[in-house]
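A quick write-up on the structure given underneath.
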Amino acid sequence: MDAKTFDSKSLLDSLFENGILFESGIDGLYGRSGAFEEVIERFERLVTRLGAPDKATRIHFPPGMSRATLEKSGYMKSFPQLAGCVHSFMGGEREHAQLLGMMADGGGWTELQKATDVALTPAACYPLYPTIAARGPVPAQGLLFELSSYCFRHEPSKDPARMQLFRMREFVKIGTAEQVRSFRESWLKRGKAMIEQLDLPCEVDLANDPFFGRGGKMMANNQRDQGLKFELLIPVTSIEKPTACLSFNYHQDHFGRTWGLKFADGELCHSACVGFGLERVALALFRHHGPDADAWPAAVRDVLWSV
Amino acid sequence: MIDQIRSLLEQHPMIPLNFGVLADDANLYDAGLTSFASVQMMLALEEEFDIEFPEAMLTRRTFSSLANIADAVSQLTRKAA
């Protein structure tokens, strides 16, 4: 991990050579070393400690969620290219014989599978909204959650910072426009201070989501014009195109309207989230401080290993 | 032109706005136009007028009122003619 070269392929090779990540044969799916996991665990503790004064309710979701929930959330309108749906074999013995025959012929066989009720979770907060809406009116002071989930996005890449399965930690605030905007403001400050404490170069910039197609270009422009998304960027595989490691999103009343999240007086709730890309932060730390976490600068180790 | 656009959008099942009562310069976002609906609007206009909005025109402002939409559409239909 030469400090001067910044490109995806050489970083990925170096992570394999140093036994930090392990190849699986699929771009974007990797095994993680104990050292890599320990960095993630330490960073998660740091995040939790920073958010502790706000007393969030913690929920850990599995990497799969209700397909119906994903459909209703509007995800397929915006990101059909990233979504994953779990399919399984549901036939009888005759279809099983057919399936084995198709496999033996070396041809396609997956057409004999059918879509299950499970979709892969694309972001840690998607399963949250219907769960909360089912509980009844949101209290006047709003609600705050700390979430964690493995997430899936179908975007195979040699860039180790663009994995197909990765973990996301999130704080989600549901409340009035003012409450959720001030939540996001406070995390823009806290998030930047936290990354600077880890001695990582970073900048916060206006951003947009990778909406699909030409209609998506318009959605992206709308999102930027309204300042709905900011990202904290750290150079990981490129200096010119630094990697988004934290994101700060204001959803307006999109999820409130979709899921009927309301206050007792019937007013629709707004929501905002701050997401931490855990693998990306760990990669940034290994990229900037070297492959051996024991040899990282004392100041950085103090921050991570004192929590 | 504006009347043709108004009646096209009024009939669109995925754009739940009451265009009949909206003034030419009324802000459609203030009237409840969502980002999703504005994309549906763009696609419907492209089909009706056989045009393609260039990327630079795919902005919030282009679709913010019936008058702005008519301006954009007439620019593009003039170009095509």
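The values are calculated or read from the model by the stated rules, or taken from the named source; none is laboratory data. Values in this document were obtained by computation on a predicted structure and should not be read as measured data. Methodologically, a virtual Cβ is constructed for each residue, glycine included, from the backbone with ideal geometry; neighbour enumeration extends over all protein chains shown. The accessibility values were calculated without ligands, DNA or RNA, using every heavy atom of the protein model including side chains. Shrake-Rupley method; radii C 1.70, N 1.55, O 1.52, S 1.80 Å.
General remarks:
- Between residue A:55 and residue B:7, the modelled label-to-label distance comes to 6.1 nm, taking each label 7 Å out from Cα in the direction of the beta carbon.
- Considering only alpha-carbon pairs that sit under 8 angstrom and 6 or more positions apart, the relative contact order computed for chain A is 22 percent.
- A Cβ-based charge dipole, computed about the Cα centre of the range B:24-80 with Lys and Arg at +1 and Asp and Glu at -1, lands at about 180 debye.
- Put a plus charge on the Cβ of each Lys and Arg, a minus charge on the Cβ of each Asp and Glu, and nothing anywhere else: the dipole of chain A about its Cα centre is then about 900 debye.
- Relative frequency of Cα-Cα separations exceeding 16 Å in the range A:1-76, percent: 71 percent
- Computed E for residue A:89/residue A:257 - FRET, C-beta separation, R0 51 angstrom, nearest 0.05: 0.85
- Binning all Cα-Cα separations of the range A:95-137 at 10 Å, short to long from zero, yields these whole-percent fractions: 22, 26, 20, 18, 12, 2.
- Descending principal axes extents, the range A:187-307, alpha-carbon based, whole Å: 54, 38, 19
- A convex hull fitted to the Cα coordinates of the range A:123-171 yields 75 cubic angstrom per residue.
- Set of lysines with alpha-carbon distance to residue A:173 below 21 Å, sequence-local pairs under 8 removed: A:55, A:72, A:189, A:192, A:229, A:262
- Kirkwood radius for the protein assembly as shown, taken over all pairs of different Cα atoms as the inverse mean of 1/r, rounds to 23.5 Å.
- Counting only heavy atoms of the protein chains and using a 1.4 Å probe, residue B:30 has close to 130 Å² of accessible surface.
- Cβ-derived FRET efficiency at R0 35 Å, residue A:117 paired with residue A:241, nearest 0.05: 0.40
- Surrounding net charge for residue A:221, when Lys and Arg each add one and Asp and Glu each subtract one, Cβ distance under 14 Å: +3
- For chain B, alpha-carbon Rg and Dmax in angstrom: 11.5, 34
- Segment residue A:76-residue A:18, length gained on full extension (0.36 nm per residue, minus Cα span): 17.0 nm
- Couplings 3J(HN,Hα) for the range A:13-29, derived from phi with the Karplus relation 6.51 cos²θ - 1.76 cosθ + 1.60 (θ = phi - 60°), are 4, 5, 5, 5, 4, 8, x, 8, 10, 10, 5, 10, x, 10, 4, x, 10 Hz, where x marks Gly and Pro.
- The residue among A:200, B:74, A:156 whose Cα reaches farthest toward the positive pole of the charge dipole of the protein assembly as shown, with charges on the beta-carbon of Lys, Arg, Asp and Glu, is A:200.
- Listed residue (B:5, B:19, A:59) projecting farthest to the positive dipole end of the protein assembly as shown, Cβ model: A:59
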